[in-house]
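Every number here is computed from the coordinates shown, using simple stated rules; none is lab data. Computed from a predicted model, the values in this text were never measured in an experiment. Because the Cβ atoms are built from the backbone with ideal geometry, glycine has one as well, and the counts that use them run over all protein chains shown.
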């Protein structure tokens with residue numbers, strides 16, 4: 001009886017949290033024709049050029065903004081004035097009662113911000129109807145079953161997210177002696193300690209899961225529901241995660257590069273394989289020599305030591321980190337370079353040669369870049 005009570009209480013808390021973790025709604029984003037505020041009230045960037053001005057219309061206090069901002073954000077009546085240097089295209093909006101919202105100006109046909117131009121971004125708080133719709137989906141997502149370190153989070157009667165628990169630990173990251181076909185960006189090897197347990201997706205995010213969350217399928221290869229979603233950018237992944245978090249009340253994210261490699265190597269159960277789960281690549285991966293240059297359903301090959309599938313091959317997977325050179329110094333919970341032009345991709349794809357599918361192999365791509373040969377991702381959920 002007591003156990004059932006706590007399960008019921010957990011479900012109610014989960015439902016309650018979702019009501020207060022909805023996503024703000026973008027009503028419009030456009031150039032404000034005839035508005036010369038960015039020119040008559042200018043703010044200069046480090047190159048002495050006028051910044052772009054984004055007027056964010058939102059009747060909400062204590063809103064925070066993240067991105068390449070120039071100076072302090074000005075809070076005026078009914079709107080916020082955000083100055084950003086020319087050439088930027090991303091703005092993140094945060095509030096304690098809402099899921100973080102990532103704005104990509106390319107998604108609205110605007111491209112990179114222009115010097116001295118005023119933009120108007122109009123946001124709305126979700127209506128009760130939107131909240132109710134997302135709670136309807138959450139009614140199935142609020143229950144979690146666990147066993148053998150695996151949790152299953154159902155979103156619908158047919159779609160669930162399976163996550164494998166990764167115990168905290170220490171490993172040597174990079175081109176260790178047990179790996180082959182190495183390139184310089186996998187060096188120097190360095191000791192990494194992850195101090196917190198986390199969960200990582202047992203499978204790559206599938207096309208069916210994407211469709212439940214986003215209502216569309218952006219994949220170049222639309223092979224079937226159980227195939228990995230592909231042809232997605234790093235920015236697409238962030239938008240998917242924001243909506244998934246809003247739907248479930250959880251905090252899914254992309255793995256850091258260190259979390260990804262630790263899981264691919266098998267964590268505390270690692271046997272030192274070259275690929276994720278075997279020294280024979282064909283046991284664990286769909287890659288250039290055995291895939292027919294095509295994607296395959298997730299989980300069709302052998303799992304690694306932790307029961308995780310396809311961390312070598314099938315689709316290359318986005319990580320959270322900016323791409324940058326390794327340091328030889330030991331690190332604790334590294335999160336990659338502080339900034340950069342490219343984001344990390346890992347694991348190789350169905351179109352890759354074997355060396356790109358090693359557990360240490362590193363690749364990168366522009367956050368807005370698409371790769372028709374197969375770029376997808378898998379989820380992480382913190383303890």
- What is the Cα coordinate range of region 246-383 on the first, second and third principal axes, sorted by size from largest, in whole angstrom? 38, 37, 34
- Note the angle between two axes, namely the Cα long axis of helix 234-248 and the longest principal axis of the Cα atoms of the chain, as a number of degrees from 0 to 90, rounded to the nearest 10. 90
- Roughly what % antiparallel, to the nearest 5, for the DSSP beta bridges in the chain? 85
- Note on the structure: The rounded separation in angstrom of the Cα centers of region 230-304 and region 43-99 is 35
- Note on the structure: Full extension between residue 150 and residue 44 adds, at 0.36 nm per residue less the Cα distance, a length in nm of 33.0 nm
- Classify region 136-382 as rounded, prolate or oblate, taking a ≥ b ≥ c as the square roots of the eigenvalues of its Cα gyration tensor: rounded when a/c is under 1.5, otherwise prolate if a/b is larger than b/c and oblate if not. rounded
- Message: Applying a 10 Å radius around every beta-carbon, put 277-288, 107-118, 70-81, 256-267 in order of their mean neighbour count, most first.
- Response: 256-267, 277-288, 107-118, 70-81
- Task: Work out how much length residue 61 to residue 302 would gain on full extension: take 0.36 nm times their residue separation and subtract the Cα-Cα distance, in nm to one decimal.
- Result: 81.6 nm
- Item | region 242-306 shape via C-alpha gyration tensor axes, a/c threshold 1.5 | oblate
- Note on the structure: Mean separation of Cα contacts under 8 Å (at least 6 apart) over the residue count of region 136-382, i.e. the relative contact order in percent, is 24
- Query: Based on the Cβ-Cβ distance from residue 191 to residue 33, what FRET efficiency comes out when R0 is 35 Å, to the nearest 0.05?
  - Reply: 0.05
- Message: Can you show me the helix-derived [θ] at 222 nm for the chain, built from DSSP H runs with n ≥ 4 at -39,500 (n - 2.57) apiece and divided by the number of residues, rounded to the nearest 500.
- Response: -5500 deg cm²/dmol
- Considering only DSSP beta bridges where both residues belong to region 22-126, give the percentage that are antiparallel (nearest 5). 75
- Global size of region 22-126 as Cα Rg and Dmax, reported in angstrom: 12.8, 39
- Quote the relative contact order of region 22-126 in percent (integer), defining contacts as alpha-carbon pairs under 8 Å separated by 6+ residues. 43
- Most mobile of 186, 41, 331 per a Gaussian network model of the chain (Cα springs, under 10 Å)? 41
- Query: If r is the Cβ-Cβ distance from residue 76 to residue 289 and R0 is 45 Å, what FRET efficiency results, to the nearest 0.05?
  - Reply: 0.15
- Task: Take each of the peptides 198-211, 242-255, 311-324, average the number of other beta-carbon atoms within 10 Å over its residues, and list them starting from the highest.
- Result: 311-324, 198-211, 242-255
